[in-house]
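Participant: First the structure, which I've put down as structure tokens, then a few questions once you've had a look.
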Amino acid sequence: TGRRMSAAEAAAWGLVNRVVPLDGLLDAARELAAQIVAAAPLPIAALKQVLRATESQTVEHGYRTLRGGGLPAYAAMLASEDAKEGPAAFAEKRAPVWRGK
């Protein structure tokens, strides 16, 4: 609608991850960055590639792009050792060890 909404309303609608006071913004950004750095590197690279390739597409066309094989980072992630490590670590109730392979 183009109507302005408060940060609290945006959070209630799920449009933002969380709302923090201005003086806590840098700490919150660093915390989020630390979580991203600790994540598996191949899915992060694949996600960035997928978002860049599909952000202006319809959902249907985006899925076609994703399945079309033209996104090398996505294909590498699916065929990686890390793709097996995540479910294995979950099943074994341990923290995953990401190797970026």
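Participant: Select from GLY62, GLY70, GLY14 the residue whose mean-square fluctuation is largest in a Gaussian network model of the chain (Cα-Cα springs shorter than 10 Å).
Facilitator: GLY14
Participant: Please compute the length gained on full extension between ARG67 and ARG99, using 0.36 nm multiplied by the number of residues separating them and subtracting their Cα-Cα distance.
Facilitator: 9.0 nm
Participant: Could you work out, for the chain, what percent of all Cα-Cα pairs fall into each 10 Å distance bin, beginning at 0 Å and stopping at the bin that holds the largest distance?
Facilitator: 13, 27, 33, 23, 3
Participant: Please compute the length gained on full extension between ASN17 and ALA79, using 0.36 nm multiplied by the number of residues separating them and subtracting their Cα-Cα distance.
Facilitator: Going from the current span to full extension adds 19.3 nm.
Participant: Let me make sure I get this right: for segment 53-92, a, b and c are the square roots of the gyration tensor eigenvalues over alpha carbons, sorted descending. Under 1.5 in a/c it's rounded, otherwise prolate if a/b > b/c, else oblate. Which is it?
Facilitator: Values: a/c = 3.83, a/b = 2.30, b/c = 1.66.
Because a/c hits 1.5 or more and a/b exceeds b/c, segment 53-92 counts as prolate.
Participant: Hey, with R₀ at 30 Å, roughly what FRET efficiency would THR1 and VAL37 work out to, going by the Cβ-Cβ distance, to 0.05?
Facilitator: Calculated transfer efficiency: 0.20.
Participant: How would GLU9, GLU55 line up by accessible area, probe 1.4 Å, largest first?
Facilitator: The most accessible residue leads, giving GLU55, GLU9.
Participant: GNM, the chain, Cα, under 10 Å: largest mean-square fluctuation among ALA38, ALA11, ALA88?
Facilitator: Of ALA38, ALA11, ALA88, the Gaussian network model singles out ALA11 as fluctuating most.
Participant: Would you list which lysines come within 16 Å of LYS101, measuring only between C-alpha atoms, while excluding same-chain residues fewer than 8 positions from it?
Facilitator: Once the sequence-local lysines are set aside, what remains near LYS101 is LYS84.
Participant: Ignoring ligands, DNA and RNA, please state the percent of accessible area on the chain from carbon and sulfur, probe 1.4 Å.
Facilitator: Exposed carbon and sulfur together represent 62 percent of the surface.
Participant: Okay, next question. Compute the accessible area per residue over segment 1-67, keeping the other protein chains in place, probe 1.4 Å, unit Å².
Facilitator: Here the residues of segment 1-67 average 83 Å² of exposed surface.
Participant: Test of understanding: in a Gaussian network model of the chain with alpha carbons linked when under 10 Å, which of GLU81, GLU60, GLU31 would top the mean-square fluctuation ranking?
Facilitator: Residue with maximal mean-square fluctuation among GLU81, GLU60, GLU31: GLU60.
Participant: Please compute the contact order of segment 1-98 in relative form: average sequence separation of alpha-carbon pairs under 8 Å and at least six residues apart, divided by the residue count, as a percent.
Facilitator: Worked out over segment 1-98, it gives 20 percent.
The values are calculated or read from the model by the stated rules, or taken from the named source; none is laboratory data. Quick caveat: nothing in here was measured; it's all calculated off a predicted structure. Note that each Cβ is placed from the backbone with ideal geometry, even for glycine, and that neighbours are counted across all protein chains shown. The accessibility values were calculated without ligands, DNA or RNA, using every heavy atom of the protein model including side chains. Shrake-Rupley method; radii C 1.70, N 1.55, O 1.52, S 1.80 Å.
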